[in-house]
Amino acid sequence: MDVLDSSMSWFEKNQEVLLQYAVNIAAALVVLVVGFIVAKIVASSIEKVLDKRNVDHTISQFVASIVRYALIAFVIIAALSRVGVQTASFVAIVGAAGLAIGLALQGSLANFAAGVLIISFRPFKAGDFVEVSGTSGVVKSVQIFTTILTTGDNKEVIIPNGSILGGNIVNYSANDTRRIDLIVGVGYGADLAKTKQVLRDVCEADSRVLKNPDITVGVHALADSSVNFVVRPWVRSSDYWGTYFDLNENIKNALDEAGIEIPFPQMGVHLSKD
């Protein structure tokens, strides 16, 4: 009986403290439950918003996961603080760990951030022919950390997104039409008006050359051994290389038929007797 009376006496004396602890524990549980639900809702909402903006689904899932776990960490810290646990040192440890991880993964994080920006602002997309980081090729896919190109000789090149965003991006497929720039050299004895007409006729005879914008043919430079003409027809982007190669061949044949000389480097050797 003495032990029971002693226990009852202890509970009566500490009733207020125990009640306070019970309230704090209940509040911490409520914070945890509500916080977990809110974290899930916020993460899901962010994922849906990114998907509606046509952001790559892998990226939207990754961002949503980061936001969710960050909110959960905050909720846990808040719950521990509610029950009287000193969280200052815990926050410092988490912050130090986050800093260490960030420094260790700074290259990967930079590539991830660049991947998000590439997908968001779309300087290019899958199927475009681009030149990035000194490499030209067709974009096969844009992933979280890298972009994959397929070169003209069918090599697969994997380029970190950070290096792409940090340099110049040339997208040859961005517009429907492109201009072909050719330099054609003829001899100084050639009739310039006749040469100009021959070059224009060759371009106009090719059905892939567009009528608008007009073809530009003109004297570009008076070089050391030739008069250089610039020939600039416009074509559809998909016809660029086929037209480029064919025009070079057709121009050579047309100038030969017209008797117009195409000069080439020559070296004269003079022998003398001592």
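The values are calculated or read from the model by the stated rules, or taken from the named source; none is laboratory data. Since this is a predicted model, take the numbers as computed values, not measurements. Cβ sites come from the backbone with ideal geometry, for glycine too, and all protein chains shown count toward neighbours.
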For this session: Run Gly137 past the list (1) at pLDDT 90 or above; (2) of a type in the set (Gly, Ala, Ser); (3) within 30 Å of Ala221 (Cβ to Cβ) and report the number of the one that doesn't hold.
Result: (3)
Seminar exercise, completed: Taking region 208-227 and keeping residues surrounded by 13 or more Cβ atoms within 10 Å (Cβ to Cβ) and either within 39 Å of the chain's Cα centre (by Cα) or part of a loop (DSSP other than H, G, I, E, B) (or both) leaves Arg208, Val209, Leu210, Ile215, Thr216, Val217, His220, Ser226
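Would you pick out the residues in region 180-196 that are under 43 Å from the mean Cα position of the chain (by Cα) and assigned to a helix (DSSP H, G or I)?
Once the filter is applied, which keeps residues that are under 43 Å from the mean Cα position of the chain (by Cα) and assigned to a helix (DSSP H, G or I), region 180-196 yields only Lys196.
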Exercise. Could you say whether any residue in region 179-193 is exposed (fewer than 14 other Cβ atoms within 10 Å of the Cβ) and either hydroxyl-bearing (Ser, Thr, Tyr) or in contact with a Gly (Cβ under 8 Å, 6 or more places away or on another chain) (or both)?
Worked result: yes
For this session: Please enumerate the residues belonging to region 131-168 that are free of Cβ contacts under 8 Å to residues at least 60 places away in the same chain, in contact with a helix residue (DSSP H, G or I) (Cβ under 9 Å, 6 or more places away or on another chain) and either basic (Lys, Arg) or within 16 Å of Val116 (Cβ to Cβ) (or both).
Result: Phe145, Thr146, Thr147, Pro160, Asn161, Gly162, Ser163, Ile164, Leu165, Gly166
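If I go through region 118-127 residue by residue, how many of them are under 21 Å from Arg178 (Cα atoms) and either at pLDDT 90 or above or under 9 Å from the mean Cα position of the chain (by Cα) (or both)?
Adding up the residues that qualify gives 4.
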Exercise. If a residue has to be assigned to a strand (DSSP E or B) and under 16 Å from Ser237 (Cβ atoms) to count, how many in region 122-150 make the cut?
Worked result: 7
Exercise. Which residue, of Asp201, Asp239, is within 27 Å of Asn171 (Cα to Cα) and not basic (Lys, Arg)?
Worked result: Asp239
Exercise. Out of all the residues in region 228-254, which are at pLDDT below 95 and hydrophobic (A, V, I, L, M, F, W, C)?
Worked result: Trp241
